[in-house]
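The values are calculated or read from the model by the stated rules, or taken from the named source; none is laboratory data. Everything numeric here is computed off the predicted structure, so don't read it as measured data. A quick note on method: Cβ atoms are made from the backbone with ideal geometry, for glycine too, and the neighbour counts reach across all protein chains shown.
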Amino acid sequence: MAEKNPYYDPAKPHHTPYGFTNPEPETRKEGDLKRWRQERKKQGFPRPPGRGYEQFIREWCQKPDFSGTEDRLWFLGHACLLLRVAGRYILTDPALSERASPLSFYGPKRKTPAAVTVADLPVIDYVLISHNHYDHLDKSTIRKLVKRFPQSIFMVPLGMKPWLERQGAHYIEEMDWWDALVLDGVSFHAVPARHWSMRTPWDRNRSLWCGWVVKHHELNFYFSGDSAYSDQFAEIGERLGPFDIAAIPIGAYAPRWFMHSHHMDPQQAVQVFKETKCHRAVPIHWGVFELADESLDEPPKELRVAIEEGGLSGENFAPLKIGEHISL
């Protein structure tokens, strides 16, 4: 019998006696994964970017510049962001290895080079983790971070502390949805997401998943993590918005019949932009790993269409190159 959930609170609908769940109903059916894999193989998905991988890298990758002292946000690829606020550095979902996999020789491989190595990073004060999937939580990267920055504080959703402790992390704050913590004048809020967790066949949904809100004086930053569309985004906007800057996923959505319960598409990302009351957003979860059927260059193209259809300004929700930054 499965081990009981030590965090279980029957008053919380996302808790179960043996783990965690989404408040929304599960729409995937038995056999859907097999059907998707068969269709993907038959149709030859995903296909390369329109002008090939080398041109995509030339167009969408650059070396990051960490100079200066002003508040900045860097897009380091996929869901890895670096936020500098009041001289402190906050890193999200660092996965800088060649594969998003427990194995070094098998599993989704990077199609664009890592923007940085851990050795390239400035001193990291906080690391925010949204959930435990391999494209968001990479053991090699975490161990290098712990070794180089032993003072870093890891902010994680419920159930992830034991894993971080096994990697040698010394300072870990474990939080449930809507929990908040203030450290050195910076407030961190764990917020809902619609997703799931698993690193082995035996630990599905044993740990929670979440997004993060970071507040410091006049800056209000929202990192959605990995999420499908949900009614909870409107609640996040009401309770903690409006946001000066947000990181919203736009990739790994095809085919929509299979992916829509775990990832959002660009049209839904625009809806989230509106519902969370964002002033500006940076698209994430695209351009690195081929996790779904769309090509690497499709998400920003679809986003442009969705922005126009949604009546937004392209300047408010424009993709950054991997390694590029914006000032806050």
ask   = If we keep just the residues of region 193-220 that are outside any loop (DSSP other than H, G, I, E, B) and in contact with an Asp or Glu (Cβ under 7 Å, 6 or more places away or on another chain), which is modelled with the lowest pLDDT?
value = L219
note = Considering region 271-306, residues that are assigned to a helix (DSSP H, G or I) and free of Cβ contacts under 8 Å to residues at least 40 places away in the same chain, and then whichever is nearest to P113 (Cα to Cα), we arrive at K301
request  = Inspect all residues belonging to region 97-114 and state whether any of them is without any contact (Cβ under 8 Å) to a residue 24 or more places away in the chain and polar (S, T, N, Q).
outcome  = yes
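Look at A234 and say whether it is among the small types (G, A, S), part of a strand (DSSP E or B) and over 30 Å from K42 (Cα atoms).
Working: among the small types (G, A, S): yes; part of a strand (DSSP E or B): no; over 30 Å from K42 (Cα atoms): yes.
For A234, the condition - among the small types (G, A, S), part of a strand (DSSP E or B) and over 30 Å from K42 (Cα atoms) - is not met.
Yes/no per residue for (1) at pLDDT 95 or above; (2) farther than 21 Å from L128 by Cα; (3) among the β-branched types (V, I, T):
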position	(1), (2), (3)
C278	yes, no, no
F289	yes, no, no
R304	yes, yes, no
G310	no, yes, no
P319	yes, yes, no
H325	yes, no, no
inquiry  = Between a residue in region 146-165 that is under 28 Å from R204 (Cα atoms) and any residue that is acidic (D, E) and surrounded by fewer than 20 Cβ atoms within 10 Å (Cβ to Cβ), which pairs come within a Cβ distance under 6 Å, given they are 6 or more apart or on different chains?
reply    = M155/E173; V156/E174; L158/E174; L158/D176; K161/E174
Identity of the residue in region 149-185, surrounded by fewer than 20 Cβ atoms within 10 Å (Cβ to Cβ) and among the β-branched types (V, I, T), that ends up farthest from the chain's Cα centre (by Cα) = V182
inquiry  = Which condition from (1) touching a helix residue (DSSP H, G or I) at 6+ places or on another chain (Cβ under 9 Å); (2) among the hydrophobic types (A, V, I, L, M, F, W, C); (3) in a strand (DSSP E or B) is the one that W257 breaks?
reply    = (3)
inquiry  = Six or more apart or on different chains, Cβ atoms under 9 Å: show the pairs whose first residue is in region 122-140 and closer than 24 Å to D184 by Cα and whose second is among the charged types (D, E, K, R) and crowded, with 23+ Cβ neighbours inside 10 Å.
reply    = V127/D93; L128/D93; I129/D93; S130/D93; S130/D226
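A quick yes/no check of all residues on (1) under 18 Å from the mean Cα position of the chain (by Cα); (2) among the charged types (D, E, K, R):
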site	(1), (2)
W60	no, no
P64	no, no
G68	no, no
L73	yes, no
L82	yes, no
A86	no, no
R99	yes, yes
G107	no, no
R110	yes, yes
task = Mind listing just one residue for me: the one in region 240-254 that is in a loop (DSSP other than H, G, I, E, B) and either touching a Cys at 6+ places or on another chain (Cβ under 8 Å) or not small (G, A, S) (or both) and, of those, farthest from V214 (Cα to Cα)?
result = Y253
ask   = Which of the residues that make up region 125-158 are closer than 29 Å to E59 by Cβ and β-branched (V, I, T)?
value = T141
ask   = Of (1) assigned to a loop (DSSP other than H, G, I, E, B); (2) at negative phi; (3) modelled with pLDDT under 95, K42 satisfies all except one. Which?
value = (1)
